[in-house]
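Heads up, the thing below is written out as structure tokens.
The values are calculated or read from the model by the stated rules, or taken from the named source; none is laboratory data. In this text the structure is predicted, and so the values were computed from the model without any measurement. For neighbour counting, all protein chains shown are included, and Cβ atoms are generated from backbone atoms with ideal geometry for every residue, glycine included.
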Amino acid sequence: MSNMSDSNSGAAVTAKVVPIKDAVIRIAGNSQDGIQTVGELLARFSGRSAQEVMSYMTIPATISGGPSIYQVRIGSGEVLSVGDEVDVLVAFYQHSYEKHLGALRNGGVLIYDPDQVKPNLDDKRFTYVGVPMTSLTIEAIGGKGRDKGKNMFLLGLIARMFDLDTVKLETMLKDWGAKRDASTMEATFNAFRAGYGFDIGRMGQNFKFIPNEQRSGRPLMVMAGNQAMAYGLIAAGVRFGAAYPITPSSQIMEILRAELPKYGGIFLQCEDEIASVCAAIGASYGGRVAVTSTSGPGLALKTEAIGWAVMAEIPLVVIDVQRGGPSTGLPTKMEQSDLNIAIFGGHGDCPRIVIAPADVEDAFYSSIEAVDLARQYSCPVIVLSDQAIGFRVEAFEEPDLAKIVRELPIDFTPRGAEFKPYEDTVDGIPHHPAPGTPIANNNFPILTGLEHNEAGHPGEDPRYHVVMTAKRRRKLQKLGEKLPTPKVFGPAEGETLLVSWGSAYGPTREAVEKSVADGQPLSALCIRYLNPLPPGLDKIFERFKRILVVENNDSGLYGYGQFAALLRSRFGDPRIGGINKTDGLSFKVREILEAVRAQAR
Amino acid sequence: MSETTNNPTSGAAVVAAPTQPGQPAPYKKVDLKSDRPTWCPGCGDFTVLDLYFRLCERRQIAREKITTVSGIGCSSRFPYFVQAHGVHFIHGRAVAFASGLSLSRPDLHVFVFSGDGDAYSIGGNHLEHAARKNIHMTLVVMDNNVYGLTKKQTSPTSPIGFKSKTDPTGAVDRPTNPMKKLIAAGATFVARTSHSNPQHVLQMMERAMDHRGFSVIECLSECVEFYPGAFDAANPRKGGQFTVIEEKKNDGTPEDEKRHDPSDEAAAYKLATLPFPGVFGVFYEVKQPAKNDREQQLIDATRAAVGNAPPLACLQKTFARLK
Ligand SMILES: Cc1ncc(C[n+]2csc(CCOP(=O)(O)OP(=O)(O)O)c2C)c(N)n1
Ligand code: SF4
Ligand SMILES: [Mg+2]
């Protein structure tokens with residue numbers, strides 16, 4: 001919100017309207033204040049108004065509530081990160097004020113509840129707007145409100161402040177409250193209108209978003225990464241899933257459990273992660289690729305069975321919404337430290353495909369791609385999402401569902417007399433017949449985790465292991481040759497190339513944008529295919545003096561993180577270094593730029 | 001209890017499925033033979049394999065639909081020896097695999113072949129939950145009271161005092177009682193048999209085949225290599241006793257009072273507490289909706305609620321709410 005003035009005048013005049021391109025709003029309170037609802041409504045509303053949006057929230061570690069925040073960044077251009085600094089901070093309580101004031105930028109606006117918060121008005125860096133939200137809400141909805149409704153008052157207040165389209169907003173509120181009773185909805189609207197009617201002229205200005213010119217005109221979807229992933233799987237034709245609850249991935253299984261029956265599918269909540277991966281493999285063997293979703297500790301339990309799917313060459317989709325590890329680690333925080341287990345986890349030489357979406361939209365398309373790759377290559381595909389992508393809400397262009405949605409009928413085409421389940425063909429990819437498929441000569445396949453010959457039967461001859469190990473590896477090498485070389489963002493050559501993957505990419509790209517604007521341009525590369533790697537990376541690396549891999553994991557024993565280590569072992573290039581952190585939060589743009597500067601010294 | 005069986009299907013002649021025009025000629029059990037079994041000569045597992053062939057032959061299960069699944073162990077080698085679709089999975093997880101297969105493929109009756117270690121030790125928890133959920137499949141546990149494949153370690157069913165490589169002075173831990181475990185887990189069909197009585201094994205397989213839901217057969221299957229003679233006490237040819245459970249006929253006779261009611265869980269549990277060799281037959285059988293059927297009901301109700309809309313329309317509707 002760069003055009004905002006530092007005004008702190010108390011004059012109650014009609015506010016002037018300042019056009020803005022981008023605003024970061026943080027609402028800080030307790031989890032029971034319904035701030036998540038306001039945040040989500042704001043995010044959804046931004047999407048409906050053709051604005052890009054990204055949200056970030058914290059959930060208290062305790063179940064019964066506690067401090068919690070919801071941050072929304074609304075922009076008229078592409079929103080790449082949730083924003084380093086806050087333009088408007090809403091503080092419900094003294095603790096919210098104290099904890100979050102540091103995030104408010106110089107010249108930012110503090111909206112606080114004077115009944116609860118005593119701000120230091122001598123600090124002239126900010127504009128202070130005291131709004132007795134609790135008491136005004138009670139007044140508006142007739143005493144029965146108590147804390148309830150305060151969030152709707154706030155929504156009205158924000159609508160006024162940012163000159164949002166209240167007709168559209170009220171329509172959306174109606175949709176949202178469709179299942180709520182009439183008196184609750186009446187209170188909701190009363191609170192909303194009271195908030196909208198509150199005179200914040202004291203600030204001297206209101207804001208209006210500049211219309212988003214880059215928009216193609218397709219409507220925007222607003223959803224969280226976990227949702228995007230679940231719906232992507234459904235769109236791709238997945239009709240069986242199995243999982244065991246674990247934060248931050250549970251939402252995926254919850255959605256699939258509720259949604260799959262609509263599509264004739266089944267979701268099985270299992271006794272543990274081992275059972276769920278095994279059940280998914282069983283369903284895949286049944287003829288339609290199945291999914292299991294989990295987070296780090298669950299992925300660790302699944303590795304033996306994933307090895308079987310590699311060995312038997314069965315399609316399987318595994319979704320890992322990463323959290324901080326090892327062990328129980330940071331269950332509600334983001335980290336990108338499962339890369340090694342995703343690529344290498346398990347015993348033996350065990351090649352599998354690993355891809356990582358960079359944002360919520362990409363999460364939707366990645367889960368579809370994972371299904372396709374698993375089917376094409378008859379092997380497990382692990383999708384590495386993370387807590388940040390899983391939980392945050394983003395707006396993205398509505399996918400062309402008519403082109404995407406498909407059914408995957410089971411292929412019962414009879415196999416001929418020459419059929420060999422593990423034939424050592426050029427591409428080396430088997431497509432196993434599901435039970436129910438007639439096989440000429442009744443030469444039925446046994447799918448097995450034992451090393452086997454082309455007929456699928458185990459034998460003592462060690463040559464099979466040589467041939468079959470190469471066969472399982474070769475198909476991924478073929479895939480690697482076909483993958484698209486990622487595009488460099490920013491100058492095609494220069495001093496520093498930032499490489500990132502997964503949710504580290506958004507802030508990395510924003511850092512590049514900022515560096516270009518500041519006249520010290522950096523470049524960025526986002527790698528979505530982690531295993532196998534796409535071709536042409538070495539050619540790109542050659543054009544830079546150093547390559548820094550930005551990732552949310554530890555810098556390791558030798559000074560670089562997990563993906564950097566992979567790239568170093570792949571390219572033998574000692575110029576590859578790392579920018580790492582393990583505080584459980586997404587990178588701030590500033591942190592990346594500072595780290596680049598520090599390493600340049 | 002009597003030495004003979006009272007099951008109506010016992011001794012029935014081979015019934016071939018009715019042949020319809022265009023259907024292949026009925027197959028014989030020899031047609032189902034595949035790789036030569038790698039079991040030691042005399043191993044009890046041969047009997048189970050032979051009787052599974054007999055079952056398929058009798059029922060004329062469509063060749064391409066016969067599906068066997070196993071974990072790891074001597075017993076779990078089973079699928080290689082059946083010329084049909086099959087899966088040799090990982091140790092202890094065959095039931096979990098079969099759960100996914102069964103639920104996604106309601107047209108199959110999956111048979112899982114397992115060992116005492118595979119089913120009751122490493123796979124114990126999966127067994128428990130598949131039983132509780134009543135997922136449609138038949139599990140045959142070929143129990144030899146020892147780890148065969150890994151060459152004589154103590155298994156969860158090894159009796160106290162059994163000398164193994166891991167208990168050279170004799171096993172000290174109380175063994176699992178499979179029947180109690182299975183009944184308590186909520187399996188809806190629980191039977192016990194022994195390789196030494198092939199007729200009885202076949203009867204139990206047929207009853208399991210006819211049961212909708214999770215059926216288990218605990219089948220004593222001697223490991224001649226590492227635990228010879230383990231089940232002599234249950235083998236009349238070795239001087240033992242094979243006592244068959246007499247099931248209630250509900251014929252109103254006074255004898256019927258004493259017969260076992262397989263739907264009586266407490267009575268089944270009581271039979272399970274008898275000391276070795278105990279009794280053989282159906283301990284427990286109860287009708288409960290199979291998970292497969294409950295899921296299908298859920299699907300039908302949910303599909304009806306969306307007017308049986310095709311997938312594209314369903315997803316579009318959901319997405320409209322997320323705009
Ligand atoms: C994860 C894992 N742990 C251990 C083993 C080694 N292992 C293979 S079979 C087996 C025990 C087999 O005993 P049982 O299930 O009774 O089958 P049996 O050989 O007696 O028929 C063990 C411990 C394995 N294959 N995988
Ligand atoms: S070791 Fe025992 S269980 Fe295994 S094949 Fe030989 S006799 Fe059978
Ligand atoms: Mg055994």
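Could you look through the range B:197-225, keep only residues that are buried (at least 21 other Cβ atoms within 10 Å of the Cβ) and under 22 Å from B:Thr38 (Cβ atoms), and pick out the one that is farthest from ligand 1 (Cβ to nearest atom)?
Checking each candidate, the answer is B:Val201.
B:Gly170: within 14 Å of chain A (Cβ to nearest Cβ), away from ligand 1 (no atom under 16 Å from the Cβ) and surrounded by fewer than 24 Cβ atoms within 10 Å (Cβ to Cβ), yes or no?
Spelling it out, it is not the case that B:Gly170 is within 14 Å of chain A (Cβ to nearest Cβ), away from ligand 1 (no atom under 16 Å from the Cβ) and surrounded by fewer than 24 Cβ atoms within 10 Å (Cβ to Cβ).
With respect to A:Pro421, determine if the residue is within 14 Å of chain B (Cβ to nearest Cβ) and either acidic (Asp, Glu) or closer than 25 Å to A:Val467 by Cβ (or both).
Considered against the rule, which asks whether it is within 14 Å of chain B (Cβ to nearest Cβ) and either acidic (Asp, Glu) or closer than 25 Å to A:Val467 by Cβ (or both), A:Pro421 comes out as yes.
Scan the range B:97-116 and tell me whether some residue there is in a helix (DSSP H, G or I), closer than 14 Å to B:Pro156 by Cβ and either modelled with pLDDT of 95 or more or within 9 Å of ligand 1 (Cβ to nearest atom) (or both).
yes
For the structure I just gave you, tell me whether B:Thr176 is within 13 Å of ligand 1 (Cβ to nearest atom), in a loop (DSSP other than H, G, I, E, B) and away from chain A (no Cβ under 14 Å). Working first, answer last.
Values: within 13 Å of ligand 1 (Cβ to nearest atom): yes; in a loop (DSSP other than H, G, I, E, B): yes; away from chain A (no Cβ under 14 Å): yes.
So B:Thr176 passes the test.
Hey, among the residues in the range A:279-296 that are over 16 Å from A:Ser378 (Cα atoms) and assigned to a helix (DSSP H, G or I), which one's nearest to the other protein chains (Cβ to nearest Cβ)?
Ranking the candidates gives A:Ala279 first.
Checking A:Ile540 against (1) under 22 Å from the mean Cα position of the chain (by Cα); (2) buried (at least 18 other Cβ atoms within 10 Å of the Cβ): exactly one of these is not met. Which one?
Looking at each condition in turn, A:Ile540 falls short on (1).
Return the residue satisfying two criteria in turn: it lies in the range A:393-408 and is part of a loop (DSSP other than H, G, I, E, B) and more than 10 Å from every other protein chain (Cβ to nearest Cβ), and of such residues it is surrounded by the most Cβ atoms within 10 Å (Cβ to Cβ).
First pass over the range A:393-408, keeping only residues part of a loop (DSSP other than H, G, I, E, B): A:398-400, A:405-408.
Subsequent filtering for residues that are more than 10 Å from every other protein chain (Cβ to nearest Cβ) retains A:400, A:408.
Values: A:Asp400: 9, A:Leu408: 14.
So, considering only residues that are part of a loop (DSSP other than H, G, I, E, B) and more than 10 Å from every other protein chain (Cβ to nearest Cβ), the one surrounded by the most Cβ atoms within 10 Å (Cβ to Cβ) is A:Leu408.
Among the residues of the range A:518-529, are any within 14 Å of chain B (Cβ to nearest Cβ), at pLDDT 95 or above and not in a loop (DSSP other than H, G, I, E, B)?
no
Answer yes or no as to whether A:Asp411 is under 30 Å from A:Val82 (Cα atoms) and either touching a His at 6+ places or on another chain (Cβ under 8 Å) or within 13 Å of another protein chain (Cβ to nearest Cβ) (or both).
Working: under 30 Å from A:Val82 (Cα atoms): no; either touching a His at 6+ places or on another chain (Cβ under 8 Å) or within 13 Å of another protein chain (Cβ to nearest Cβ) (or both): yes.
Considered against the rule, which asks whether it is under 30 Å from A:Val82 (Cα atoms) and either touching a His at 6+ places or on another chain (Cβ under 8 Å) or within 13 Å of another protein chain (Cβ to nearest Cβ) (or both), A:Asp411 comes out as no.
Consider the range B:128-155. How many of its residues are more than 9 Å from ligand 3 (Cβ to nearest atom) and of a type in the set (Asp, Glu)?
1
It is to be established whether one or more residues within the range B:44-57 are more than 30 Å from A:Ile314 (Cα to Cα), basic (Lys, Arg) and modelled with pLDDT of 95 or more.
yes
If a residue has to be assigned to a helix (DSSP H, G or I) and either farther than 16 Å from A:Leu373 by Cβ or of a type in the set (Lys, Arg) (or both) to count, how many in the range A:463-487 make the cut? First the steps, then the outcome.
In the first step, residues of the range A:463-487 are kept if they are assigned to a helix (DSSP H, G or I); the result is A:463-482.
Among the residues that remain, those that are also either farther than 16 Å from A:Leu373 by Cβ or of a type in the set (Lys, Arg) (or both) are: A:463-475, A:478, A:482.
Looking only at that region, the number is 15.
Could you list, in sequence order, all residues of the range B:53-74 that are away from ligand 2 (no atom under 16 Å from the Cβ) and under 16 Å from the mean Cα position of the chain (by Cα)?
Step one: filter the range B:53-74 for residues away from ligand 2 (no atom under 16 Å from the Cβ), giving B:53-69.
Passing the criteria: B:Phe53, B:Arg54, B:Leu55, B:Cys56, B:Ile66, B:Thr67, B:Thr68, B:Val69.
Do we find a residue being at pLDDT 95 or above, closer than 20 Å to A:Phe563 by Cα and within 14 Å of chain B (Cβ to nearest Cβ) anywhere in the range A:297-310?
Yes, the range A:297-310 contains at least one residue that is at pLDDT 95 or above, closer than 20 Å to A:Phe563 by Cα and within 14 Å of chain B (Cβ to nearest Cβ).
Within the range B:147-173, track down each residue that is within 29 Å of B:Glu285 (Cβ to Cβ) and either among the hydrophobic types (A, V, I, L, M, F, W, C) or out of contact with any helix residue (DSSP H, G or I) (no Cβ under 7 Å at 6 or more places or on another chain) (or both). Write out each step before concluding.
We begin by selecting, within the range B:147-173, every residue within 29 Å of B:Glu285 (Cβ to Cβ); these are B:155-159.
The answer is B:Ser158, B:Pro159.
Since B:Ile160 meets every condition but one in (1) farther than 20 Å from B:Leu101 by Cβ; (2) β-branched (Val, Ile, Thr); (3) within 14 Å of ligand 3 (Cβ to nearest atom), which condition does it not meet?
Failing condition for B:Ile160: (3).
Taking the condition within 14 Å of another protein chain (Cβ to nearest Cβ) and of a type in the set (A, V, I, L, M, F, W, C), does A:Ile439 pass? Even if it seems obvious, please write down each step before you answer.
Numbers: within 14 Å of another protein chain (Cβ to nearest Cβ): yes; of a type in the set (A, V, I, L, M, F, W, C): yes.
Judged against the criteria, A:Ile439 is a match.
Tell me whether the range B:79-86 contains one or more residues that are assigned to a strand (DSSP E or B) and within 7 Å of chain A (Cβ to nearest Cβ). I'd like the intermediate steps shown before the answer.
Here is the first cut: in the range B:79-86, the ones assigned to a strand (DSSP E or B) are B:82, B:85-86.
Checking the rest, the ones that are also within 7 Å of chain A (Cβ to nearest Cβ) come to B:85-86.
Yes, that holds for at least one residue.
Could you check the range A:415-464 and list, in sequence order, the residues that are surrounded by fewer than 16 Cβ atoms within 10 Å (Cβ to Cβ) and either within 23 Å of A:Leu479 (Cα to Cα) or within 39 Å of the chain's Cα centre (by Cα) (or both)?
A:Lys420, A:Glu423, A:Asp424, A:Thr425, A:Val426, A:Asp427, A:His431
Please tell me if B:Ser99 is more than 8 Å from chain A (Cβ to nearest Cβ) and out of contact with any Cys (no Cβ under 6 Å at 6 or more places or on another chain).
No: the conditions fail for B:Ser99.
Which residue pairs have Cβ atoms closer than 8 Å, lie 6 or more positions apart in sequence or on different chains, and pair a first residue in the range B:104-123 that is closer than 22 Å to B:Phe53 by Cα and within 14 Å of chain A (Cβ to nearest Cβ) with a second residue that is within 14 Å of ligand 2 (Cβ to nearest atom) and polar (S, T, N, Q)?
If the second residue must be within 14 Å of ligand 2 (Cβ to nearest atom) and polar (S, T, N, Q), the pairs left are B:Val112/B:Ser70; B:Phe113/B:Ser70; B:Phe113/B:Ser75; B:Phe113/B:Ser76; B:Ser114/B:Ser70; B:Ser114/B:Ser75; B:Ser114/B:Ser76.
For the range B:221-256, give me each residue that is away from ligand 2 (no atom under 16 Å from the Cβ), among the charged types (D, E, K, R) and in contact with a Lys or Arg (Cβ under 9 Å, 6 or more places away or on another chain).
Of all residues in the range B:221-256, those away from ligand 2 (no atom under 16 Å from the Cβ) come to B:233-234, B:236-256.
The next check asks that each one be among the charged types (D, E, K, R); those that pass are B:237-238, B:246-249, B:251, B:255-256.
B:Glu246, B:Glu247, B:Lys248, B:Lys249, B:Glu255, B:Asp256 - these are the residues of the range B:221-256 that are away from ligand 2 (no atom under 16 Å from the Cβ), among the charged types (D, E, K, R) and in contact with a Lys or Arg (Cβ under 9 Å, 6 or more places away or on another chain).
Can you find a residue in the range A:252-267 that is away from chain B (no Cβ under 11 Å), surrounded by fewer than 24 Cβ atoms within 10 Å (Cβ to Cβ) and touching a Pro at 6+ places or on another chain (Cβ under 9 Å)?
Within the range A:252-267, one or more residues are away from chain B (no Cβ under 11 Å), surrounded by fewer than 24 Cβ atoms within 10 Å (Cβ to Cβ) and touching a Pro at 6+ places or on another chain (Cβ under 9 Å).
Mind listing whichever residues of the range B:60-76 are over 12 Å from B:Leu32 (Cα atoms) and surrounded by fewer than 23 Cβ atoms within 10 Å (Cβ to Cβ)?
The answer is B:Lys65, and nothing else.
Determine whether the range B:271-289 contains at least one residue that is within 14 Å of chain A (Cβ to nearest Cβ), closer than 23 Å to B:Gly213 by Cα and not charged (D, E, K, R).
Within the range B:271-289, not a single residue is within 14 Å of chain A (Cβ to nearest Cβ), closer than 23 Å to B:Gly213 by Cα and not charged (D, E, K, R).
Considering only the range B:117-133, how many residues are away from ligand 1 (no atom under 16 Å from the Cβ), of a type outside the set (A, V, I, L, M) and either assigned to a strand (DSSP E or B) or crowded, with 24+ Cβ neighbours inside 10 Å (or both)? Give the steps one after another, and end with the answer.
To start, the set of residues in the range B:117-133 that are away from ligand 1 (no atom under 16 Å from the Cβ) comprises B:128-133.
Pick out the ones that are also of a type outside the set (A, V, I, L, M) and you get B:128-129, B:132-133.
Now drop any that are not either assigned to a strand (DSSP E or B) or crowded, with 24+ Cβ neighbours inside 10 Å (or both), which leaves none.
Final tally of qualifying residues: 0.
Return the only residue of B:His195, B:His211 being within 14 Å of the chain's Cα centre (by Cα) and either within 14 Å of chain A (Cβ to nearest Cβ) or within 16 Å of ligand 2 (Cβ to nearest atom) (or both).
B:His195
Could you tell me whether A:Pro331 is surrounded by fewer than 23 Cβ atoms within 10 Å (Cβ to Cβ) and of a type outside the set (Gly, Ala, Ser)?
Spelling it out, A:Pro331 is indeed surrounded by fewer than 23 Cβ atoms within 10 Å (Cβ to Cβ) and of a type outside the set (Gly, Ala, Ser).
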